[in-house]
Amino acid sequence: MSWLAAVCFIAGLAVIAGFYLEQNTRIHAVDFSGNYYTDSEDLADAIEPVSPVNELADSVDYTILFDTIRPLPYVNEISVSMNFRGRLTFIINEYEPMGLIVDGSERMYVSEDGILLPVVPGKAKDVPLVYGFRTSTPGDSLSGKAWNEMESFLTEAKKSTVNWSTLSELAWNENEGVVALSHENGVKLVFGHEQFSERLAHWELFYTDVITHEGIDSFRLIDLRFRNQIVTQQS
């Protein structure tokens with residue numbers, strides 16, 4: 001048997017052995033990984049009524065297990081892996097906050113697709129404050145023109161460290177579209193309804209080339225809605 005054939009034969013045996021062990025191993029313990037905002041105890045409590053412990057791996061209905069975990073607010077996607085000792089690990093992919101909705105005294109994070117997420121004590125996320133949207137039940141979604149534009153803006157802003165670090169508060173109105181306050185001195189920035197990638201690029205360039213030299217306190221308003229120009233009001 002040639003060297004290459006021997007390697008292929010051994011690899012094939014490993015795959016077969018792995019499949020056999022996975023199908024015939026009894027589950028002795030359950031772990032969770034990838035979760036940060038979701039407490040492992042909450043995950044364990046969720047699956048307790050249909051716990052797979054002491055079951056053979058190939059007899060478990062994983063769809064039922066996943067369905068018990070998905071209602072937890074931050075849980076997005078779930079997969080599993082198991083080692084030969086029978087330890088089953090649920091791998092949790094969580095929604096990531098991109099803004100903090102401020103609705104009166106209520107605070108709730110929001111992720112892509114407008115998913116509302118509860119604030120978890122001790123696990124704060126440094127994201128812009130977002131005004132003008134109502135909070136409701138965690139897991140519900142924001143929608144409509146205002147949120148679609150705000151989400152598009154936030155998605156583009158996250159791509160640049162300068163943009164993300166210089167914007168502190170955001171809001172939306174029909175006339176001006178997306179409006180922001182700069183992180184320093186609260187200067188009003190108007191981004192409008194569209195072309196956010198281009199307008200954020202203009203803001204980054206303006207911040208780098210002008211504000212770092214003249215100072216943010218030289219301005220009261222910076223309007224980025226116009227093609228090939230930035231309109232400003234001096235302090």
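The values are calculated or read from the model by the stated rules, or taken from the named source; none is laboratory data. Please read these numbers as outputs of a predicted model, since none were measured by experiment. Cβ: placed from backbone, ideal geometry, glycine included. Neighbour counts: every protein chain shown. Note: accessible area is taken over every heavy atom of the protein model, side chains too, but ligands, DNA and RNA are not part of it. Shrake-Rupley method; radii C 1.70, N 1.55, O 1.52, S 1.80 Å.
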### Query
Dipole of region 97-234 (Lys/Arg Cβ +1, Asp/Glu Cβ -1, origin at the Cα centre): which of ALA201, GLY122, TRP164 lies farthest to the positive side?
GLY122
### Task
Using only Cα atoms, figure out Rg for region 97-234 and give it as a multiple of 2.2 N^0.38 Å.
1.04
## Note on the structure
Under 5 Å from the placed amide H of ILE115, counting only residues 5+ away or on other chains, we find LEU142
#### Entry: Principal axis dimensions, largest first and in whole angstrom, of the chain by Cα
77, 53, 30
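So how strong a dipole does region 97-234 carry about its Cα centre when Lys and Arg Cβ are +1 and Asp and Glu Cβ are -1, to the nearest 20 debye? Display every interim value, and only then the final one.
Details: 12 positive and 20 negative charges, 25 e Å.
With only Lys, Arg, Asp and Glu charged at Cβ, the dipole is about 120 debye.
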### Query
Okay, helix-only estimate at 222 nm for the chain: each DSSP H run of n ≥ 4 adds -39500 (n - 2.57), divide by all residues, round to 500 deg cm²/dmol; what do you get?
-9000 deg cm²/dmol
## Note on the structure
In whole angstrom, the spacing between the Cα centers of region 48-71 and region 162-210 equals 47
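Ignoring ligands, DNA and RNA, what percent of the 1.4 Å accessible area of the chain is carbon and sulfur?
Values: 6860 of 13180 Å².
On the chain, the fraction of accessible area on carbon and sulfur atoms equals 52 percent.
Kirkwood hydrodynamic radius (Cα pairs, Å) of region 24-72?
Details: mean 1/r = 0.0873 Å⁻¹.
About 11.5 Å, per the Kirkwood formula over Cα pairs.
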### Query
Given H placed on each backbone N at 1.01 Å, which residues far from PHE219 in sequence or on other chains put an amide H within less than 5 Å of it?
SER235
### Query
With θ set to phi - 60° and the Karplus curve 6.51 cos²θ - 1.76 cosθ + 1.60, what are the ³J(HN,Hα) couplings of region 223-233 in order, to the nearest whole Hz, using x for Gly and Pro?
9, 10, 7, 9, 5, 6, 7, 10, 8, 10, 10
### Message
If a paramagnetic tag sat 7 Å from the Cα of GLU55 along the Cα-Cβ line, which residues of region 26-43 would have the backbone N under 17 Å from that point?
### Response
26-32, 43
### Task
Taking amide H positions as placed in the peptide plane 1.01 Å from N, state which residues far from GLU96 in sequence (5 or more) or on other chains have amide H under 5 Å from it.
GLU112
### Message
Taking the solvent-accessible surface of protein heavy atoms with a 1.4 Å probe, what is the per residue accessible area of the chain in Å²?
### Response
56
